[in-house]
Amino acid sequence: KNEVEQSPQNLTAQEGEFITINCSYSVGISALHWLQQHPGGGIVSLFMLSSGKKKHGRLIATINIQEKHSSLHITASHPRDSAVYICAVERGGADGLTFGKGTHLIIQP
Amino acid sequence: DGGITQSPKYLFRKEGQNVTLSCEQNLNHDAMYWYRQDPGQGLRLIYYSQIVNDFQKGDIAEGYSVSREKKESFPLTVTSAQKNPTAFYLCASSAGTAGEQYFGPGTRLTVT
């Protein structure tokens with residue numbers, strides 16, 4: 001079993017829909033990261049969080065440490081949000097991240 | 001502009017040859033990382049370095065080597081001992097413990 005599990009694997013939605021991507025992990029962590037990867041391969045960090053909730057524009061990330069679960073929400077989705085969204089956990093000590101397999105999101109106009 | 005550069009974007013090599021992938025950052029970050037991405041799999045950690053002249057093996061270090069002689073640079077050598085070297089390689093850096101990671105654009109290596 002992977003230490004970081006994401007769901008769904010693939011998600012297709014219509015423009016304007018509210019999107020939720022889930023991430024569960026099975027190890028102790030110091031922080032959880034949400035990343036975005038576009039078709040060219042480049043990765044952008046969206047959020048790093050260790051508790052509670054963070055918001056940036058139309059993106060919201062939450063984490064429940066007790067339940068070892070995080071969600072990434074996109075409000076008023078747009079075709080430019082189409083990308084792979086990756087959850088990754090940090091165990092501490094700057095020794096690298098452990099990644100989920102990613103959620104491939106397509107937003108249709 | 002501050003950031004991480006990787007070169008080249010695409011690299012082709014014959015089986016049996018060693019190849020070195022470049023990673024440079026001007027963010028003044030102490031920690032640097034190499035990850036490998038294969039289709040259908042999450043990124044996996046190859047090597048990481050928390051400080052100059054020191055580095056540690058990650059989850060899949062076999063067949064790879066690194067050096068960290070300068071803070072700005074963390075080159076990765078894919079040796080002929082790596083059984084399946086064809087992959088997308090990403091370099092990242094962070095300011096230190098529990099810091100946001102910044103990723104380079106990646107190098108797509110094809111070995112035939």
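The values are calculated or read from the model by the stated rules, or taken from the named source; none is laboratory data. Just so we're clear, the structure is a prediction, and the values are computed from it rather than from any experiment. No Cβ is skipped: glycine too gets one built from the backbone with ideal geometry, and neighbour counts run over all protein chains shown.
Numbers below:
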item	result
Which listed residue, of B:T112, B:T107, is more than 14 Å from chain A (Cβ to nearest Cβ) and in contact with a strand residue (DSSP E or B) (Cβ under 8 Å, 6 or more places away or on another chain)	B:T112
Within segment B:26-49, tally of residues that are more than 17 Å from B:Q82 (Cα to Cα) and either of a type in the set (D, E, K, R) or away from every other protein chain (no Cβ under 14 Å) (or both)	3
Residues of segment A:36-51 that turn out to be farther than 25 Å from B:G40 by Cβ and either modelled with pLDDT of 95 or more or among the aromatic types (F, W, Y) (or both), as a count	0
Matching entry among B:V66, B:V19 (being touching a strand residue (DSSP E or B) at 6+ places or on another chain (Cβ under 9 Å), away from chain A (no Cβ under 14 Å) and hydrophobic (A, V, I, L, M, F, W, C))	B:V19
Count of residues meeting criterion [surrounded by fewer than 17 Cβ atoms within 10 Å (Cβ to Cβ), closer than 20 Å to B:Q25 by Cβ and more than 13 Å from chain A (Cβ to nearest Cβ)] in segment B:76-101	1
Strands (runs of 3 or more DSSP E) contained entirely in segment A:38-109, each with at least 3 residues that are among the aliphatic types (A, V, I, L, M) and over 26 Å from B:Q6 (Cβ atoms)	A:59-64
Residue in segment A:14-32 that is under 10 Å from the mean Cα position of the chain (by Cα), within 11 Å of chain B (Cβ to nearest Cβ) and more than 18 Å from B:R44 (Cα to Cα) present	no
Failed item, numbered, when B:K71 is tested on (1) at pLDDT 95 or above; (2) within 9 Å of chain A (Cβ to nearest Cβ)	(2)
Residues satisfying the stated conditions in segment A:33-58, i.e. at positive phi and loosely packed, with under 15 Cβ neighbours inside 10 Å	A:G52, A:G57
Segment A:18-37: number of residues that are among the aromatic types (F, W, Y) and not in a strand (DSSP E or B)	1
Checklist (1) β-branched (V, I, T); (2) within 21 Å of B:F12 (Cα to Cα); (3) loosely packed, with under 15 Cβ neighbours inside 10 Å applied to B:I51, failing item	(2)
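Matching residues to (1) surrounded by fewer than 23 Cβ atoms within 10 Å (Cβ to Cβ); (2) within 14 Å of chain B (Cβ to nearest Cβ); (3) farther than 24 Å from A:S50 by Cα:
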residue	(1), (2), (3)
A:N64	yes, no, no
A:E67	yes, no, no
A:S71	yes, no, no
A:P79	yes, no, yes
A:V84	yes, yes, no
A:C87	no, yes, no
A:L97	no, yes, no
A:K101	yes, yes, no
A:I107	yes, no, yes
